[in-house]
Structures are given as structure tokens and as C-alpha cells.
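First comes the structure, then the notes that go with it.
The values are calculated or read from the model by the stated rules, or taken from the named source; none is laboratory data. Just so it is clear, the model here is predicted, and its values are computed rather than measured. For neighbour counting, all protein chains shown are included, and Cβ atoms are generated from backbone atoms with ideal geometry for every residue, glycine included. Accessible surface is based on the protein model in full, side chains and every heavy atom, while ligands, DNA and RNA are left aside. Shrake-Rupley method; radii C 1.70, N 1.55, O 1.52, S 1.80 Å.
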Amino acid sequence: MERWKDRVALVTGASAGIGAAVARALVQNGMKVVGCARNVDKIEKLAAECQSAGYPGTLIPYKCDVSNEEEILSMFSAIKTLHQGVDVCINNAGLARPEPLLSGKTEGWRTMIDVNVLAVSICTREAYQSMKERNVDDGHIININSILGHIYQCSSIAHFYCATKHAVTALTEGIRQELRETKSRIRVTSISPGVVETEFIYRILNKDPASSENVYADRPHLSADDISKAVVYVLSAPANVQVGELIVKPTEEIL
């Protein structure tokens, strides 16, 4: 990770869960991390904690709704002005709405497409352009995907969400192929966790704490820190190593 010291990483969805854990880990490794979310209060608190802990990097909170392209473009413009540009882009922001395929609301489907697919694509495009214009040829794009982007064993309320994650799998490979065609050495990786204990399940189960707790009680699961360590592992790989897909599951996971 030494080569990433003082370089700039963007982490979307950095206010909680995996995004917050990744932001903290990168700051611990000396990076300048722009952490964005719709609500930056938690990121500001995390930034203060990182500073108090004496971590060598810096966490810069930025308010951005990644479902809005104009806000994404404004964020990248601000990063260019204040920090020259992005060297690492962690597309972590993602959400699920309990909208089945046969009875779900279009609004919920559209929200998942906007955040899980379009935001990933827009942030990737802008990060690549940022790297290209500065002749950065060792940057890295990491998409936080899901095991559900590779298998199809989920409840009906998550079928559309699963489809968006299968899209992320396809997008990651498409990005890799386009980078290869341009002879770029920028790398792209999909990290696909199994069940991770975060606020995610709580939100998709309509904020039902009991049901959420049962999900974690009844099956093996990962922590957000487990995924942040996977991100550090990927970024630490030698320059000639392309970790295209990293599936991270609990040892006891049956899927």
C-alpha cells in the first residue's frame, strides 16, 4: 500500500457499513479519501475519529447523491480543483428496495438502477477520464458487487436487486476489456461479498429489526471490516496482477 500514500481515492456510500470501513482503512494507509454520501454527518464524525487516531491519511467528507448525475459531475469537478483528480475509485454505494418482479413499484426499480448501475458507470467514466488527463496509468477502479451478482438464490423481494448486481458483474468485465483495448494499465476489480452485517438488510426488510437480526442469527456472515481488508488486498497486488473478481464468503457459507 506504500505506493498509494498521499494519493486520492473516492469512496461512494461512505457514511456507513462497507463504505465507512473502506474509507477508514484507506486513511489508515495514508490516502486522501473523498468519502461521499447524501448525508455527510456520519462521514464528518468518522473523519474526526481518523484525525484523533493519528492516521496518516485524510478523510474529506463530500455531500453527493449518486442517483443524480449532475451531483456526481459536480463532485468530480470539485475533486479536480482541490485535489487534482482521482487515482482510485471505489464504487460502493448500493441499495435494495423490496420490489418483486411481478408486483414491485417502478419507482423502486428505477432507484436501484440509478444507484446500483448508472452511478457505478458514471463514476467509473469520470474516474477514468480524470486518470487519463493526468497520465495516471496505474489507477484502480473497484466495484463493490455481491455474491448475488453471480448466483440466483434470493427471495422474491430481492430479484430486481440481484439483476442490478448481475449488471455490475457484466460492467466490470466490460470495463476491463475497454481498458485493455486502450492499452491502459489501469485495473478494475469486482469484489463480491456474501452476507455482510450492515444496515443494508435492515433497510430492505422495511426497517424491521427483528427480521434483520434473524438473518444474521440464522446464517454465517461477514463484517464490513472483512470487506475493507479485501479492498486493501486488491490495491496491494503487484502492478502486473489483475484481480478481476474477488468473491468473499464466510468459511461456513453454503451458497
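Here are some notes:
- For the chain, the 222 nm mean residue ellipticity estimated from helices alone, with every DSSP H stretch of n ≥ 4 adding -39500 (n - 2.57) and the total spread over all residues, rounds to -14000 deg cm²/dmol.
- Within the accessible area of the chain (1.4 Å probe), percent carbon and sulfur: 50
- Computed from backbone phi, the HN-Hα couplings of the stretch 135-147 come to 6, 7, 10, 10, x, 8, 10, 10, 9, 7, 9, 7, 4 Hz, rounded to whole numbers (Karplus: 6.51 cos²θ - 1.76 cosθ + 1.60, θ = phi - 60°; Gly and Pro given as x).
- Cα-based helix-to-principal-axis angle, 41-52 vs the chain, degrees rounded to 10: 50
- Under 5 Å, built H, 5+ apart or other chain: amide partners of THR189: ILE141, ILE142, ASN143
- Long-range amide H partners of VAL196 with built H, under 5 Å: LEU222
- Cα centre as origin, Lys/Arg/Asp/Glu Cβ charges: the chain dipole, Debye: 460
- Label point distance in nm, SER156-ASP137, each placed 7 Å from Cα along Cα→Cβ: 5.4
- Cα-based convex hull, the chain, per residue volume (Å³, whole number): 126
- Amide hydrogen neighbours beyond the local backbone of LEU59, cut-off 5 Å, H modeled: VAL33
- Taking 7 Å steps out from each Cα toward its Cβ at SER121 and GLU181 produces label points 1.5 nm apart.
- For the stretch 95-102, 3J(HN,Hα) computed residue by residue from phi via the Karplus equation (6.51, -1.76, 1.60; θ = phi - 60°) reads 8, 10, 10, x, 10, x, 5, 8 Hz, glycine and proline entered as x.
- Virtual paramagnetic centre 7 Å along Cα→Cβ of THR111, amide N under 16 Å, in the stretch 133-171: 157-162, 164
- Measuring with a 1.4 angstrom probe and ignoring ligands and nucleic acids, LEU171 comes out at about 50 Å² accessible.
- Rg of the Cα atoms in the stretch 45-194, relative to 2.2 N^0.38 Å, amounts to 1.14.
- Taking one quarter of the surface of the C-alpha convex hull of the stretch 6-96 gives a mean projected area of 5.2 nm².
- Structure note, pairs LYS80/LYS229; LYS63/LYS132; LYS42/LYS183; LYS42/LYS249; LYS132/LYS249; LYS63/LYS183: Cα-Cα distances above 32 angstrom occur for LYS42/LYS183; LYS132/LYS249; LYS63/LYS183.
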